[in-house]
Amino acid sequence: IGGFREVRKVVPAGEATTKQGTSLFCFMVVNWKLEEQAVANNIKDKKLGIFECDAQTILTGWEVAKTPWATWINADAFVKLWQQIKDDGEYTKHDWVVKVDADTVFFPNMLRMHLDSLKVPQGSRAYVKNVNYGIQFQGAIEVFSRQAVQLYFDKGGACADKILPAQANEKAGENFYMKTCMDAIGADTLEDFNLLRDATCGADCGAADATCGDGWVAAYHAHRDVDGWNACHDEARAAQLKAGHKPSDGGPVSSLPPPAVEDLPAVAGADATAAQDLLKQAKDLNARLSPDAEAAKNAADAASKQIDDAKHEIEHAQAAIADAKKRASDARDDEAKAEKELSEAASAEEAATKLLADEQAQKATLDSEKAAAQSGFDAAKAAADDVADKLNRAIAAETKERKDIASLRFCMDLPGVRVKGASAPLNMSAIVMPVDTSTPEMCRDWCRQHNSCKQSIFSAGNKGC
């Protein structure tokens with residue numbers, strides 16, 4: 001935050017030094033929309049994992065992006081989730097704060113034994129490095145002393161201002177952010193590389209194989225389906241029992257100061273006798289009230305458990321409500337989209353209807369024009385037929401007339417005879433048809449070729465046939 005600071009390791013407590021207790025406040029973050037919700041519900045229903053801590057809570061997470069190497073970019077989200085832990089305040093009643101992933105098979109009794117073996121001096125502001133790999137702080141299980149968490153709440157705001165923007169390009173997860181922040185604000189470190197077996201980094205994280213059979217390990221990661229999680233839990237529990245560790249071993253021991261007890265004043269004589277009588281009466285009263293007090297305590301514990309269960313149900317319900325609201329919002333968006341598409345379809349239908357009407361009108365016009373043209377064609381054909389008939393009749397009449405005229409003609413060839421008074425060549429029109437008869441031969445040949453010609457006369461002077 002302000003420059004380089006050497007990271008310090010906590011020196012184990014000596015015989016004369018009070019050790020940090022092992023009371024645990026544990027929490028788990030669950031995105032109820034992802035597959036991890038099935039594992040979380042399994043843990044909750046069987047009261048395993050964090051439900052074996054002295055106090056616990058489940059926080060509702062939300063979906064965030066992933067890095068290219070498939071880890072969550074969730075530092076910013078966890079800054080908000082840690083604020084919920086601060087606002088709740090339950091962590092202040094316990095020695096250690098433990099964040100556990102839903103796919104981590106976690107044994108609080110084993111963690112207590114690990115913490116006890118570390119001999120942490122009371123009041124240490126420290127976090128536990130849990131694997132000898134990378135930054136030595138895997139997010140599957142994160143263990144902080146209460147004092148380290150309080151230090152984070154007091155000074156961690158600077159981390160959000162300076163580490164998050166610098167971290168964004170690296171796309172690291174919340175474990176990197178928390179470790180970097182703890183180092184920057186002055187928290188010390190503890191090392192326990194037998195605390196966790198993490199299959200996501202294989203042998204580097206102590207998980208050379210996929211088994212959960214180490215009787216000393218406190219957490220195994222990652223088991224993302226219910227059957228796998230349960231199988232790992234049962235295998236690990238059997239290994240712990242074989243190693244002589246019972247689920248009740250390492251039970252909660254708090255280092256929080258006990259209630260102050262006032263010393264009774266020294267008395268003697270009659271006062272002493274009266275005091276003894278009062279003390280006897282008090283003992284009798286205590287004997288009578290102890291069962292009720294025990295029952296009240298049990299009832300209070302049961303009520304506290306029911307309250308915790310109710311809180312988890314409320315959180316689950318809130319997540320379901322948020323999901324339902326989102327689905328309702330999506331449904332409204334889909335409905336609006338459908339209405340828009342329906343409106344566009346109606347407009348398209350209206351345009352198509354108009355286009356069809358225009359096409360039908362054009363077709364009617366074309367049909368009318370076609371009918372008129374057919375009528376004109378029929379009339380023209382009738383007129384042509386009439387003309388052809390008249391022409392045929394005219395030709396027949398002309399042919400008949402030619403024959404009649406030809407039968408009456410008499411043609412003579414009078415060589416050297418000139419028509420009287422005709423000084424220019426004759427310009428006589430052909431009776432039958434115009435033909436070239438400009439020589440005597442052509443005139444004679446034409447006459448020979450036509451039976452109707454009785455005699456041809458050619459005048460050389462007049463060039464006439």
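Hey, could you get me the Stokes-Einstein D for region 299-376, Kirkwood radius over alpha-carbon pairs, 10 °C and 1.306 mPa s, rounded to whole µm² s⁻¹?
It comes out at roughly 85 µm²/s.
Which net charge results when you count Lys and Arg as +1 and Asp and Glu as -1 among the other residues whose beta-carbon is under 14 Å from that of residue 320?
+1
Using heavy-atom solvent-accessible surface (probe 1.4 Å) with all chains present, what is the largest-first order of 369, 398?
From most exposed to least exposed: 369, 398.
Under 11 Å from the Cβ of residue 26, count the other residues' Cβ atoms, weight Lys and Arg +1, Asp and Glu -1, and hand me the total.
-3
State the Cα centre-to-centre distance between region 218-246 and region 83-148 in whole Å.
19
The values are calculated or read from the model by the stated rules, or taken from the named source; none is laboratory data. Owing to the predicted nature of the structure, the values given are computational and were not obtained by experimental measurement. Note that we place each Cβ from the backbone using ideal geometry, even for glycine, and neighbour counts take in every protein chain shown. In case anyone asks, the SASA skips ligands and DNA or RNA and just uses the protein heavy atoms, side chains included. Shrake-Rupley method; radii C 1.70, N 1.55, O 1.52, S 1.80 Å.
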